[in-house]
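The values are calculated or read from the model by the stated rules, or taken from the named source; none is laboratory data. Quick caveat: nothing in here was measured; it's all calculated off a predicted structure. As a convention, Cβ positions derive from the backbone with ideal geometry for all residues, glycine included, and neighbour counts pool all protein chains shown. In case anyone asks, the SASA skips ligands and DNA or RNA and just uses the protein heavy atoms, side chains included. Shrake-Rupley method; radii C 1.70, N 1.55, O 1.52, S 1.80 Å.
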Amino acid sequence: MSTNRDVMNREEIEARIEKTDITLPPPKTEPDRQYYFMKMLRTVVEEKKKELGRPLYANITTFGCQMNARDSEKIAGIMNIIGYEQTDSNEADFLLYNTCTVRENANLKVYGRLGQLKRQKEKNPEMVIALCGCMMQEPEVVEKIKKSYRNVDIIFGTHNIYKIAELLLSKLSDRPESKKMLVDVWEGTTEIVEELPNERKYSFKSGVNIMFGCNNFCSYCIVPYVRGRERSREPEDILAEIECMVRDGVVEVMLLGQNVNSYGKNLKKPVSFAELLECVEKVEGLSRIRFMTSHPKDLSDELIEVMGRSEKICRQLHLPLQSGSSRLLKTMNRHYTKEDYLLLVRKIRRAVPDISLTTDIIVGFPGETEEDFEETMDVVRQVEFDSAFTFIYSKRTGTPAAAMEEQVPEAVVKERFDRLLALVQEISARKTEKEVGKVHEVLVEEVNEQDSSLLTGRTSGNYIVHFAGEAKQIGTVVPVRLEESKGFYYMGVQLPSEV
Ligand code: 5AD
Ligand code: SF4
């Protein structure tokens, strides 16, 4: 499929900037409006560089999930076009924290970092500190920052990350001594802005947003409040983006959405997630497809069938359980029971026997009794997850669960959490041990950080493998025999590709 919407590579972006006329007033529609501000900022940045006699640096730190990681790549793409160089150093001219707020400790991390930045700003008073992402969608957070962290220059949310050029220009146009904090946080939007630059972290794999927001309102979760209602991208836009990425060397995509199984329901011409996957499968040159996250209540038989016959969909499924107690699943507003979940797993394993299953589990949800917790342990024993992310319940202001009585005492939660973790790790170790001796197709991702004679890659089931090889193999898929299991990763031996 070919459309005119794949404006993503550098030449096409440069052509678009070239034809933008900044002698006129700014355009009213996106993304033209942002190209206008990018072009204006280029001049400002050039002048600043001349004045300082050095490059300008941007440091972007991402907290949280893959959605945030992808948002940061979009911001990095815009910053590069404007003329900033990326750095890991704190002594940057533009420093951005893309924040998460799914659990309380995510917020605490950001406050900690902001405290440390005070000295950096004293050294470089022209440094711009910006905050964006989920945490900024909480009004009380913004109030606290306004009061206690006056060194912050720009705050924006999850709905307008594409506006970074416009916001930065407005900040840099302020008088230098201005201490005004620019706050632009929207409550929601139905708009999806396409055709903007982005900078991938890896040349050969990438996340691809297929939808934004969530309609589920699980009673513990803050995401629907900070990311808004579900909006799906048009399949043509998604495919055009993937095709463009493949032309640029990408072999693996991760389709991203809070609940990918409800993709396409709100489109003018509804398309199911399974149908979208079948179209993505047809993109020539693409080797692997992953997706996350899947809500068990929406995982259709059609999807299981597509996964079963697909050549490209990886043998990996992340299927958050949250709890094994049907009673708690009800108060969590999850719309499935323990039995539904177990049945679903059986169906998936029948269609895709070698699938690697991972999950999320919350311990200590309000009202969780020892019996409820034992139900969770029972599901973990029955399903034998390849791995599980285990979380201690965190009270999020504004969610229904925060108002529930019967919060579980901390010591009880901690003891249960440790028991669950031990079980999850024991099962993981047993399962990884079973794969030793088998040959897996591995996508080579990087040269090993600790030992440069080794490469690091991932199996279709998303297991990490280290093995000897050459850097030029990065981005290719090679056969590797798993020799030794080390818990979270394997040591392996690369076989000749004909095998
Ligand atoms: N407390 C603990 N864990 C949570 N999660 C979401 N909200 C909370 C919360 N309030 C977990 C869920 C979700 C994962 C991304 O984070 O398990 O699947
Ligand atoms: Fe949160 Fe539930 Fe939506 Fe996942 S599906 S983002 S847990 S509300």
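Structure values in brief
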item	result
Residue in the stretch 458-470 that is more than 13 Å from ligand 1 (Cβ to nearest atom), free of Cβ contacts under 8 Å to residues at least 60 places away in the same chain and part of a loop (DSSP other than H, G, I, E, B) present	yes
Residue match in the stretch 430-440 (condition: among the polar types (S, T, N, Q) and not in a loop (DSSP other than H, G, I, E, B))	yes
Cβ pairs under 7 Å, 6+ apart, first in the stretch 310-324 and basic (Lys, Arg), second modelled with pLDDT under 95	315/354
In the stretch 345-363, the residues that are in contact with a Lys or Arg (Cβ under 9 Å, 6 or more places away or on another chain) and within 16 Å of ligand 2 (Cβ to nearest atom)	363
Checklist (1) within 16 Å of ligand 1 (Cβ to nearest atom); (2) surrounded by fewer than 17 Cβ atoms within 10 Å (Cβ to Cβ) applied to residue 269, failing item	(1)
Hey, residue 354 out of contact with any Pro (no Cβ under 7 Å at 6 or more places or on another chain) and assigned to a helix (DSSP H, G or I) or not	no
Matching residues in the stretch 467-489 - criterion: being open to solvent by 80 Å² or more (accessible area, probe 1.4 Å), over 24 Å from the mean Cα position of the chain (by Cα) and within 26 Å of residue 358 (Cβ to Cβ)	481, 483, 484, 486
Helices (runs of 4 or more DSSP H) within the stretch 155-260 that include 1 or more residues within 16 Å of ligand 1 (Cβ to nearest atom) and either among the aliphatic types (A, V, I, L, M) or touching a Leu at 6+ places or on another chain (Cβ under 8 Å) (or both)	223-227
Pairs, first within 29 Å of residue 258 (Cα to Cα) and within 16 Å of ligand 2 (Cβ to nearest atom) in the stretch 90-118, second open to solvent by 70 Å² or more (accessible area, probe 1.4 Å) and part of a helix (DSSP H, G or I), C-beta under 7 Å, six or more apart	none
Qualifying positions in the stretch 384-416 - over 19 Å from residue 216 (Cβ atoms), touching a Lys or Arg at 6+ places or on another chain (Cβ under 9 Å) and part of a helix (DSSP H, G or I)	none
Which numbered condition residue 69 misses (of (1) open to solvent by 40 Å² or more (accessible area, probe 1.4 Å); (2) assigned to a strand (DSSP E or B))	(2)
Members of the stretch 430-445 found to be more than 18 Å from residue 479 (Cα to Cα) and either in contact with a strand residue (DSSP E or B) (Cβ under 7 Å, 6 or more places away or on another chain) or buried (at least 19 other Cβ atoms within 10 Å of the Cβ) (or both), listed by number	433
Restricting the stretch 207-225 to residues that are open to solvent by less than 10 Å² (accessible area, probe 1.4 Å) and more than 10 Å from ligand 2 (Cβ to nearest atom), the residue that is nearest to residue 456 (Cα to Cα)	208
Residue 265 vs. criteria at negative phi and not in a helix (DSSP H, G or I)	yes
Given (1) buried (at least 18 other Cβ atoms within 10 Å of the Cβ); (2) modelled with pLDDT of 95 or more; (3) more than 16 Å from ligand 2 (Cβ to nearest atom), number of the condition residue 401 does not satisfy	(3)
